[in-house]
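The values are calculated or read from the model by the stated rules, or taken from the named source; none is laboratory data. Fair warning: this is a prediction, and the values are worked out from it, not measured in the lab. Neighbour counts are summed over all protein chains in view; Cβ atoms, including those assigned to glycine, are modelled from backbone coordinates with ideal geometry. Ligands, DNA and RNA are stripped out before the accessible areas are found, and what is left, the full protein with its side chains, is counted by its heavy atoms. Shrake-Rupley method; radii C 1.70, N 1.55, O 1.52, S 1.80 Å.
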Amino acid sequence: MAAYKDLSKKELSALKADLEKEFKKVKAKGMKLDMSRGKPSTEQLNLSMEMMDVLTSKSDLVCEEGVDCRNYGVLDGIKEAKQLLADMMEVPKDNIVIFGNSSLNVMYDTIARSMTHGVMGSTPWSKLDKVKFLCPVPGYDRHFAITEYFGIEMINVPMTPTGPDMDIVEKLVCSDPAIKGIWCVPKYSNPQGITYSDETVHRFAKLKPAAEDFRIYWDNAYGIHHLYEDKHDYLIEIFMECKREGHPDMVYKFASTSKISFPGSGIGAIAASDANLADIRKQMRIQTIGHDKLNQLRHARYFGDIHGMVKHMRRHADIMRPKFDTVLQTLETELGGLEIGSWLAPRGGYFISFDAMEGCAKAIVAKAKEAGLVMTDAGATFPYGKDPRDSNIRIAPSYPTLEELKEAAKIFVLSVKLVSIDKLLENM
């Protein structure tokens with residue numbers, strides 16, 4: 001079919017009438033579908049159920065350090081868990097600290113500590129007139145929620161096919177001492193599925209910040225979350241790059257097993273320089289006597305090593321791949337060539353990013369909800385929930401069953417078509 005913008009008012013009106021009949025039929029089904037968050041499906045959670053059998057009442061619960069994991073001790077993680085997460089994060093074991101079940105919690109703590117106590121002896125951010133953060137957009141809403149909560153001013157940086165616009169990043173970071181950090185999801189980014197290029201990572205490592213306490217918040221949430229066995233994205237390891245450039249303290253690297261084992265009961269970790277970790281441990285010693293060592297032991301014994309984890313992730317991919325393919329095929333079949341939206345086909349991660357015609361995203365999400373499909377709020381992928389173009393929509397295919405997803409994709413494309421036609425008619 002021709003692009004919608006090339007159709008006459010009469011043709012668009014006739015098309016709208018047909019689509020509204022179709023939408024009415026779909027709406028009458030009374031479906032309740034959820035594509036709002038990147039939650040693993042029940043089928044994915046079932047992959048890790050044997051982990052529940054790893055530790056029993058008869059198990060030896062002493063870790064490699066010789067500590068009984070039922071008791072106090074080992075502040076920053078048992079050796080075998082550190083090794084597992086270090087291999088997953090591609091950093092030396094000595095540069096890892098294991099926390100509780102959530103990397104988001106570690107990020108929140110890191111910002112909170114900077115606010116109250118500063119970074120490695122610098123002035124606490126709460127005592128400064130202004131604190132700013134760079135936010136690649138579209139990006140991860142929960143990152144933005146943390147900085148907004150602490151009253152930190154957020155500055156949008158456009159994403160490109162190779163990562164954040166580094167010309168803008170370099171200019172701002174190197175000139176403004178109020179800029180204290182940048183949020184990054186460097187591999188299979190949330191929501192676009194973009195992996196930062198070699199050049200982008202090199203440019204990050206070469207940054208010369210105006211603020212001595214500037215840090216790159218490198219959330220490698222989807223580091224081993226590939227969808228296709230023969231098509232992997234590769235990401236240069238930032239921690240060693242920063243060290244090589246003489247800036248070992250400039251990066252905090254975060255990761256967890258949340259979408260590998262159980263999101264509610266995984267292991268979160270931070271990787272950083274010796275000096276950064278010494279700063280972090282000061283807080284930890286007051287905050288906790290140690291995180292859940294039994295859970296760390298359970299994960300280490302279940303996966304064995306990084307090879308066991310990679311093998312496990314192939315099983316996740318086998319579940320996720322058909323879901324992504326279903327959505328992408330529906331988008332291509334139903335919207336390809338109509339010029340009312342664009343999207344990226346990621347090779348991994350948890351999301352598909354859709355860009356509607358300007359001024360249409362909120363209306364599309366509302367239209368889909370009418371037919372029983374709940375999606376992430378339009379604007380959520382931007383700081384303060386404000387997408388200046390009202391265009392970006394995050395699609396999360398993981399949670400629904402494949403059959404539900406087929407219905408959800410139909411509702412979505414119908415909503416896109418109807419809202420786009422309304423927009424075009426409005427401008428005629």
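A compact table of results
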read-out: GNM result for the chain, Cα springs below 10 Å: residue of Gly349, Gly264, Gly223 fluctuating most strongly; value: Gly264
read-out: Of Leu425, Asn71, Val119, farthest towards positive along the dipole that unit charges on Lys, Arg, Asp, Glu beta carbons give the chain; value: Leu425
read-out: Proximal aspartates and glutamates relative to Lys362, as straight alpha-carbon distance under 12 Å, when same-chain residues fewer than 8 apart are discounted; value: Asp377, Asp387, Asp390
read-out: Mean projection area, nm², convex hull over Cα of the range 292-428; value: 10.8 nm²
read-out: Lys39 accessible area, 1.4 Å probe, all protein chains in place, Å² to nearest 10; value: 100 Å²
read-out: Surface/4 of the Cα convex hull for the range 65-198, nm²; value: 10.0 nm²
read-out: Lys pairs, the range 203-302 - Cα-Cα below 18 angstrom, 8 or more residues apart or on other chains; value: 4
read-out: Dipole in debye (nearest 20) - the chain, about Cα centre, beta carbon charges: Lys, Arg +1; Asp, Glu -1; value: 880 debye
read-out: Exposure rank, largest accessible area first [Arg113, Arg70, Arg315; 1.4 Å]; value: Arg70, Arg315, Arg113
read-out: GNM flexibility winner over the chain from Ser353, Ser13, Ser114 (Cα, springs under 10 Å); value: Ser13
read-out: In nm, spacing of pseudo-spin labels at Phe150 and Thr162 (7 Å Cα→C-beta vector); value: 3.1 nm
read-out: Percent antiparallel among DSSP beta bridges (both partners in the chain, rounded to 5); value: 50 percent
read-out: The range 1-52 pair-distance distribution - Cα-Cα, 5 Å bins, rounded %; value: 4, 13, 13, 11, 10, 12, 11, 8, 7, 5, 4, 2, 0
read-out: Estimated translational D of the range 345-403 in µm²/s (Stokes, Kirkwood radius over Cα pairs; 10 °C; 1.306 mPa s); value: 131 µm²/s
read-out: Nearest 10 degrees, 0 to 90: helix 402-426 Cα axis against the chain principal axis; value: 60 degrees
read-out: Surface accessible to a 1.4 Å probe, Ile98 within the full protein complex, Å²; value: 0 Å²
read-out: Sulfur and carbon atoms: percent of accessible area, the chain [1.4 Å]; value: 50 percent
read-out: Relative pair counts by distance (%), Cα atoms of the range 185-229, 5 Å bins; value: 5, 19, 25, 22, 15, 9, 3, 2, 1
read-out: Positive-end extreme of charge dipole, the range 303-428 - chosen from Ile319, Tyr399, Gly372 (charges on Cβ); value: Ile319
read-out: Solvent accessible area, Å² - Ser175, 1.4 Å probe, full protein context; value: 80 Å²
read-out: Accessible area per residue in Å² at 1.4 Å probe, computed on the chain; value: 44 Å²
read-out: Separation of the Met52 and Arg142 label points, Cα + 7 Å toward Cβ, nm; value: 2.2 nm
read-out: Range of Cα positions in the range 64-110 per principal axis (Å), largest first; value: 29, 22, 14
read-out: Leading residue at positive end of dipole, the chain (Cβ point charges), from Phe204, Gln296, Ile236; value: Gln296
read-out: Student exercise, the range 9-108 dipole from Lys, Arg, Asp, Glu Cβ charges, in Debye to nearest 20; value: 1320 debye
read-out: Angle in degrees between helix 9-28 and the longest Cα principal axis of the chain, rounded to the nearest 10; value: 60 degrees
read-out: Taking only Cα atoms of the chain, radius of gyration then Dmax in Å; value: 23.1, 78
read-out: For the chain, built as a Gaussian network whose Cα springs stay under 10 Å, the top-fluctuating residue of Leu402, Leu227, Leu338; value: Leu338
read-out: Spatially proximal aspartates and glutamates relative to Lys29 (Cα-Cα < 17 Å; intrachain offsets below 8 disregarded); value: Glu20, Glu370, Glu403, Glu404, Glu407
read-out: Which listed pairs, of Lys9/Lys369; Lys323/Lys386; Lys27/Lys323, have C-alpha distances above 25 Å, in listed order; value: Lys9/Lys369; Lys323/Lys386
read-out: Over the range 199-313: Rg over Rh, Cα atoms, Kirkwood Rh; value: 1.00
